[in-house]
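Heads up, the thing below is written out as structure tokens.
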Amino acid sequence: MMPNLPSLKARKGKEKITVLSLYDYTSAKLLDGAVDMFLVGDSLGMVVYGLDSTLPVTLDMMIAHGRAVARGASESFVVVDLPFGSYQESPAQAFANSARVMIETGAKAVKLEGGTEMAETVAFLVARSIPVMGHVGLRPQSVNAYGGFRVQGRTAEAAEQVLADARAMEAAGCFSIVVEGVTRALADRVTAEVSIPVIGIGASPACDGQVLVLSDLLGMAERPAKFVKCYADLRSITREAVQAYADEIRAGTFPSADHCY
């Protein structure tokens, strides 16, 4: 049975929440129910499209991939990222685009990056029946402001800002928060000090749940990040399989009689 907002929130501090970021129907159909939640992240800009950051990702791109994942999901809760520029201008803009995402994809919630500065927008969405997942700590959409992908919260002042952001998202009505790329001690504090589930990525095992990108955990990335654990080596397996396929074509052994009508 697919989790819902009350059941996910009730797992805070009791049962870990499993989240997987993926972008296509085939993967969603195969893995439906294996994890609690599918996150259609704007990381698809880099993983699928080869972009340098998430910034060029458009709302249409997110809707196309969100729709594909939602079609394959009957047991896993689907959340779709709002891309850069689609929600920062005003609460009204955020609502229009969030509504479009939910109507056109069938997702159950949206995710947006931000903290204290986005509290008004989150409250506006939640009051209008848009479930929102927050995202604090390292915010990939702010990569230019950071000067690169840098671990956040290393100083006392920076840690307090991340905590303030998490509390603001909680108070505004987020049902959950992703905390990314922060020190373990800070992630522990965020998890302990807010009442909603905290999903970690490059954070801490103390978080209420964890998220990784499917291709990363399958070992497809050329240079996986420090926080990624590779549970398989599909990079090597895929190259070997395609090489075998190409070799058999050249040798004339594929297709064989078994593969012909």
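Taken together, the values in this text are just the output of simple stated rules run on the coordinates, not laboratory data. Keep in mind it's a predicted model, so treat the numbers as computed, not measured. So basically every Cβ, Gly included, is an ideal-geometry build from the backbone, and we count neighbours across all protein chains shown.
Observations, loosely collected:
- Per residue, the convex hull volume that the Cα atoms of the range 28-68 enclose (Å³): 76
- Listing Val194, Val47, Val69 from fewest to most neighbouring C-beta atoms within 10 Å gives Val47, Val194, Val69.
- What the Cα convex hull of the range 119-252 gives, in volume per residue, is 147 Å³.
- The GluC sites (Glu not before Pro) of the range 155-241 that meet both conditions, a loop assignment by DSSP and at most 11 other Cβ atoms within 10 Å of the site Cβ, are Glu222.
- By the count of neighbouring beta-carbon atoms within 10 Å, fewest first, Ser27, Ser195, Ser7 end up ordered Ser195, Ser7, Ser27.
- Dipole of the chain [Lys/Arg +1, Asp/Glu -1 at C-beta], most positive-end residue of Gln88, Ala166, Leu138: Ala166
- Largest mean-square fluctuation among Met61, Met102, Met133, in a Gaussian network model of the chain whose springs join Cα atoms under 10 Å apart, belongs to Met61.
- The range 158-198 versus the range 63-78: alpha-carbon centroid distance in Å: 27
- Amide H contacts under 5 Å for Gln210, placed H, 5+ residues apart: Ile17, Val19, Gly200
- Residue order, fewest to most surrounding Cβ atoms within 10 angstrom, among Thr155, Thr116: Thr155, Thr116
- Overall, the chain carries a charge dipole of about 400 debye about its Cα centre when +1 sits on the Cβ of Lys and Arg and -1 on the Cβ of Asp and Glu, all other atoms neutral.
- Matching label, Rg and Dmax of the Cα atoms in Å computed from the structure shown, candidates (1) 16.7, 49; (2) 19.6, 69; (3) 22.1, 75: (2)
- Nitroxide proxy distance, nm - points 7 Å out along Cα→Cβ at Ala221 and Ser236: 1.9
- Note on Lys229: lysines with a C-alpha under 18 Å away, same-chain residues under 8 apart excluded, are Lys16.
- The residues packed around Ser21, meaning those with a beta-carbon under 11 Å from its beta-carbon, carry a net charge of -2 if Lys and Arg are +1 and Asp and Glu are -1.
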